[in-house]
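Participant: What follows is a single structure, and I will ask about it in a moment.
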Amino acid sequence: MALVHDWLCGYRGGEAVLDRLARLVRDRHQPAGLWVMVSDGRPVAPAVDALSVRTSSLQELPYAATRLRRHLLPLYPRAVADLSRSIGDEHRRAPIDLVLSTSSAAVKGVQAPPGVPHLCYCHTPPRYLWSQQDQYAAQGRLASAGLALAGPFLRRWDAATSRHVTSFIANSRHTARLIERCYGRPSTVVHPPVRTGYFTVDPARRRENFWLFAGALEPYKRPDLAIEAARLAGVKIVVAGTGSILPQLRSRYTGPGVEFLGRVPDEGLRELYRRAALLLFPQIEDFGIVAVEAQACGCPVVARRAGGALETVIDGLTGRFFDNPESASIARAAASLGSVQPTDCRRHAETFGEEFFDRRMASIVRDMIGIR
């Protein structure tokens, strides 16, 4: 089986899914390798790091896997064509039975060798092309101009290459609707794996009077809304994560009420989930593993009533929804949260555990390659 992923440039939700798929292939089948557009060479996870990694011609460009990665968007089709040729070469050397991709950017466009099925676990059709162009364009004039020029071509390419996928898996019902709208294709929903065995409630920990934002600091995640809401409510907010807009957030929000931690390892993140009064989740997310991790630790979530949060948060039981993407709306929702029981949060989070993902994906893979 050939595994395909957009890039290896850190560990986020997409890499958590890739890690579980790599384990599944390793334990039950035979990995042919991992194909990515670019890699920064850093370790990701043991099951992923053990794979033979092949990259596209973009890897040869300076800083392609770091600060220039997003600016190379017009070259993604070329990179995907490179990966398709490389997989074809490998298939001629040692036949491949399945191409298994995980994609939120471009690699769902990979073309499998003739007769080989392509199963795509789709986190989302590319946000910068289909659903959140304004947020990405707001990163600067260069990004705005690039999307204006390349966007129409890339949308046509992205829609056309959806035909290279034999079957789609969506990470949520929200994503399934996007796949239908953008590609005209049906999909099967399999929620991402959440490490509920690691993220657990600690009864000895007391909740403290601070709010938490955790995740990648990118425009569509709206950390600015979370910070503004906390300031409006007069509550300290702890921001855990790094990303392209961290420098501007640091310069914009100074003072004792906002604490930027940068990248936080798993152990530290678990402690934050156990201590925070609540997690703010202001973005429209495709699924949102962070929201489930927090609930697994008994932490309630204040989330926008949209996207994957509608599947991961139970309004009034494990958190509270807000409707308008405004700091005042978030602050009001937090004030109306009331008393949320950690046991209710934990019970709901357990329905997204890794074992459910493993069983469902193993069954789908067996069906794809004709094993009963």
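The values are calculated or read from the model by the stated rules, or taken from the named source; none is laboratory data. All of these numbers come straight from a predicted model, not from anything done at the bench. A quick note on method: Cβ atoms are made from the backbone with ideal geometry, for glycine too, and the neighbour counts reach across all protein chains shown.
Participant: Tell me yes or no: at least one residue of the stretch 334-353 is buried (at least 20 other Cβ atoms within 10 Å of the Cβ), assigned by TED's automatic domain parsing to the domain that holds Pro223, touching a Lys or Arg at 6+ places or on another chain (Cβ under 6 Å) and in a helix (DSSP H, G or I).
Facilitator: no
Participant: Given the structure, is Arg163 at pLDDT 95 or above, among the charged types (D, E, K, R) and under 19 Å from Gly308 (Cβ atoms)?
Facilitator: So Arg163 fails the test.
Participant: Could you go through the stretch 309-320 and let me know if any residue there is out of contact with any Phe, Trp or Tyr (no Cβ under 8 Å at 6 or more places or on another chain), at positive phi and surrounded by fewer than 22 Cβ atoms within 10 Å (Cβ to Cβ).
Facilitator: yes
Participant: Okay, moving on. For Val301, indicate whether it is β-branched (Val, Ile, Thr), buried (at least 24 other Cβ atoms within 10 Å of the Cβ) and either within 21 Å of Asp202 (Cβ to Cβ) or modelled with pLDDT of 95 or more (or both).
Facilitator: So Val301 fits the description; yes.
Participant: Note down all Cβ pairs under 9 Å where the first residue falls in the stretch 182-210 and is surrounded by fewer than 18 Cβ atoms within 10 Å (Cβ to Cβ) and of a type in the set (Val, Ile, Thr), the second is in a strand (DSSP E or B) and at pLDDT 95 or above, and they're at least six residues apart or on different chains.
Facilitator: That search, which allows pairs on different chains as well, returns Thr188/Ser167; Thr188/Phe168; Thr188/Ile169; Thr188/Ala170; Val189/Ile169; Val189/Ala170.
Participant: A further question on this structure: Among the residues of the stretch 322-339, are any within 26 Å of Pro265 (Cα to Cα) and modelled with pLDDT of 95 or more?
Facilitator: no
Table: residues versus (1) farther than 27 Å from Val17 by Cα; (2) within 20 Å of the chain's Cα centre (by Cα); (3) assigned by TED's automatic domain parsing to the domain that holds Cys299.
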site	(1), (2), (3)
His164	no, no, no
Thr188	no, yes, no
Arg205	yes, no, no
Ala216	no, yes, yes
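Participant: Still on this structure: Within the stretch 321-333, take every residue that is charged (D, E, K, R) and within 21 Å of Gly234 (Cβ to Cβ) and give me the one that is surrounded by the fewest Cβ atoms within 10 Å (Cβ to Cβ).
Facilitator: Applying the filter and picking the extreme gives Glu326.
Participant: Among the listed residues Arg12, Arg54, which satisfies the condition of being touching a strand residue (DSSP E or B) at 6+ places or on another chain (Cβ under 9 Å) and among the basic types (Lys, Arg)?
Facilitator: Arg54
Participant: In the stretch 288-318, what count of residues is obtained for those that are among the charged types (D, E, K, R) and either farther than 15 Å from Phe213 by Cα or free of Cβ contacts under 8 Å to residues at least 12 places away in the same chain (or both)?
Facilitator: 3
Participant: With a cut-off of at least 1 residues that are free of Cβ contacts under 8 Å to residues at least 40 places away in the same chain and surrounded by 23 or more Cβ atoms within 10 Å (Cβ to Cβ), name the strands (runs of 3 or more DSSP E) lying wholly within the stretch 1-119.
Facilitator: 33-39
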